Ligand code: SF4
Ligand code: SF4
């Protein structure tokens, strides 16, 4: 039987962050990547999850993006149920949070961290069967996290898209997945320097090598 | 208003007295873990009364932390008069 809800061209991006102090960075990652895809003529969507109650400091929160060649049929589905890309604005999210729930085979995990992928992999207890690679980038060393409520609740973001650490994280996503051209991303993010350095420095590690080593 | 305690709906309210709320486990909010220097602790309990999550346990000699709920806010570290509590990156610990 054909799956009526199947959307073969659709890619889902889920960014996990810490409430309040990284809300903007998580939003910036999905907005920057989807806006870059829109420049390339794709159908896109980006939004934040308010079920996570993001106004509590440190609470794990999510921001989502969708990119597709065709019109997005599932545009009213509020959560990304089967992400292709998962990114973390903060490394501790690997511990005690089910960050890989529902990921598709071949999914990529991108982490803002100074630590090596081998070390972080040990903390991830669930969902690694479908994970293809882990990408690490020390985004905090390239740009600061901008703490602001400007841009929350859909208002205009006065600080600018990709002004902070999110630009570096978005660049690492683009390097590892090629979901958009890096040039398209550079047209969107304000902090082009951080994006360029992250694109250069991000380390991509094949999960198979980690499983064998472990 | 006289509502039997059992009928009060769950919405940030927890039947009292209660020491745990399984519906709101906040340990995974923590990016920094409080670590006690037991030699310095005088058991004055200022951290115990200051912790917003009731995550400091009273013991006979020195305090300890309930890491299932401690969200790593660092208030205990701020208020301790003898500097007995430090904060360490959560990922330095494997447990
Ligand atoms: S860090 Fe915050 S939540 Fe944890 S024990 Fe200290 S005061 Fe309580
Ligand atoms: S405030 Fe400091 S000295 Fe007092 S009980 Fe807590 S850790 Fe011990």
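Laboratory data are not the source of any read-out in this text; all were calculated from the coordinates shown. In this text, all values refer to a predicted model and were calculated from it rather than measured experimentally.
Using only alpha carbons, build the gyration tensor for chain A and give me the equivalent ellipsoid semi-axes, biggest first, whole Å. The partial results should precede the final answer.
Details: eigenvalues 99, 92, 62 Å².
Largest first, chain A gives 22, 21, 18 Å.
Reported to the nearest whole Å, the Cα centre-to-centre distance from region A:85-115 to region A:1-80 is 15. Which percent, to the nearest 5, of DSSP beta bridges fully inside region A:71-163 are antiparallel? Of the beta bridges lying entirely in region A:71-163, close to 0 percent run antiparallel.
For region A:127-198 versus region B:48-86, the spacing of their alpha-carbon centroids is 35 Å.
Could you work out the percent of alpha carbon pairs in region B:37-95 separated by over 16 Å, rounded to a whole number? So the portion of pairs separated by more than 16 Å is 39 percent.
Mean residue ellipticity at 222 nm from the helices of chain A, using -39,500 (n - 2.57) per DSSP H segment of n ≥ 4 over the full residue count, to the nearest 500 deg cm²/dmol? The partial results should precede the final answer.
Values: 6 runs with 58 residues, N = 214.
Counting only the DSSP helices, I get -8000 deg cm²/dmol.
Of the three principal axes defined by the Cα atoms of region A:91-214, the extents in descending order read 45, 29, 26 Å.
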